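Notes follow the structure.
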């Protein structure tokens, strides 16, 4: 059995906060737990915030805002965008510096703690995950895996699901190629994005409207180690770019 | 807390089998359980099987097989394809009659129970889910939701995750628009594809290599009702078609 355990009682996270200490104060972590943390609180702890009042919109941002959104928000999104993948102004599908393909370069502004702040993705979400994993082990002794999760839209499907943008302490893809099914047949197409499935599972327990940013997945058979970069399809393999 | 409970002890499913009876014989279902069933066993119970020996490959199928795969398999995939969305022969991304965008039109041939059989998607996976839901209620009294799940690849991301292709007894999308976050701000972009997240969560407990096709998700706050068609993005909204 696998359990999805929301971590209740976390305070509002602020720049400079020690996330591991905040989590350890309210949750009893066990070896082999997968700690799934919403990107937004990781970004806040790391100070990845931009005050809208400090932003000056360029002519390009003003044009793309199309009179529908705040051009300063578009300015920040463009600054976080390595490549515009699709554009239906004011909506931008971005490739970020991490190679992630997502709406608005992952820039968000709900839950920012103040009215006029935007939250950016972490500079290096794998490093964020690894740092949190190491701090948890140091502070509690528990050997956990960590996933930094964000809500992404998907081509062809309605609604968002949470995916893993940072990973530490588990292999994000389970490779079943060469293993056998119950008929003894060798499985062929069996790269399973378990880190994305873990992020999605955690979101079910998150109750987004009440702001539970950390969920523990307990009982999942963790294997290996790796990087969320393994979940990013190389551009030359993509049929949709 | 949400629990993901694999249902062990199911026999190999064959055409004409009563899936509800098979599940009820080995699992104690409770009201508000979400029963996530792998598409493959639903298809087998419904006899959605094609014997490869009965298929004659067309010249088009032979061409697309590119000498790499069995052209008769391509023939069956083409017959299940309403529209070819992308093509990198012999790999076909199909739109199925259900509007699903997926590799090989969802045609699969591992776990088919016999060497030379292909498994097609159910004719109407929502109807399959509803029939199973009704049969479970009739046979056990339990008022469950049902999801028919399949493993889909995703544009831009490596590996598959399970998604919901059939739904009964729950709203597949949770619409948080108009609700408030913990800062009191109205949430804007908050259509959450909970049925896909439930399918993905269940896959974590499935242990595909040992063939557990049914997983119970217990403790998820089910709301509403609906169809997996709500998860299919209308083509005119797609930026990637």
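Every number here is computed from the coordinates shown, using simple stated rules; none is lab data. Note that the structure is predicted; figures quoted are calculated from it, not measured. Ideal geometry is used to build each Cβ from the backbone, glycine not excepted, and the neighbour counts take in all protein chains shown.
Odds and ends about this structure:
- Ranked from shortest, the separations from the 7 Å Cα-to-Cβ label point of residue A:68 to its equivalents in the other copies are 3.8 nm.
- Average projection, convex hull of the Cα set of chain B: 14.5 square nanometres.
- Shortest-first distances to equivalent copies, position residue A:237, nm, label 7 Å out along Cβ: 2.9
- Gaussian network model of chain A, Cα within-10 Å springs - most flexible of A:60, A:174, A:130: A:60
- Residue A:69-residue A:24 pseudo-label distance in nm [points 7 Å out on the Cα-to-Cβ vector]: 3.9
- Placing a label point 7 Å from the Cα of residue A:238 along the Cα-to-Cβ line, the residues of segment B:203-241 whose backbone N sits under 12 Å from it are B:240.
- Euclidean distance between Cα centres, segment A:21-99 to segment A:115-169, Å: 13
- Here the simple spin-label model places points 7 Å from the Cα toward Cβ, and for residue A:84 and residue B:225 these points are separated by 4.6 nm.
- Counting, for every residue in A:157-167, the Cβ atoms of other protein chains within 10 Å of its Cβ and taking the mean gives 6.
- Contact order relative to length of segment B:3-224, as percent, for alpha carbon pairs under 8 angstrom and 6 or more apart: 27
- Relative to the 2.2 N^0.38 Å rule of thumb, the protein assembly as shown has a C-alpha radius of gyration ratio of 0.98.
- Taking Cα atoms only, the orientation of helix A:194-204 departs from the longest principal axis of chain A by about 70 degrees.
- Relative contact order [Cα under 8 Å, 6+ residues apart], segment B:45-138, whole percent: 24
- Coarse-grained scattering of segment A:49-121 at q = 0.21, 0.24 Å⁻¹, given as base-10 log I(q)/I(0) from a Debye sum over alpha-carbon atoms: -0.86, -1.09
- Angle in degrees between helix A:125-140 and the longest Cα principal axis of chain A, rounded to the nearest 10: 50
- For residue B:11, the distances from its label point to the matching points in the remaining copies are 6.1 nm, ordered from shortest, with each point set 7 Å beyond Cα toward Cβ.
- Calculated SAXS-style log₁₀ I(q)/I(0) at q = 0.09, 0.10, 0.12, 0.20 Å⁻¹ - segment B:68-177, Debye, Cα scatterers: -0.30, -0.37, -0.52, -1.13
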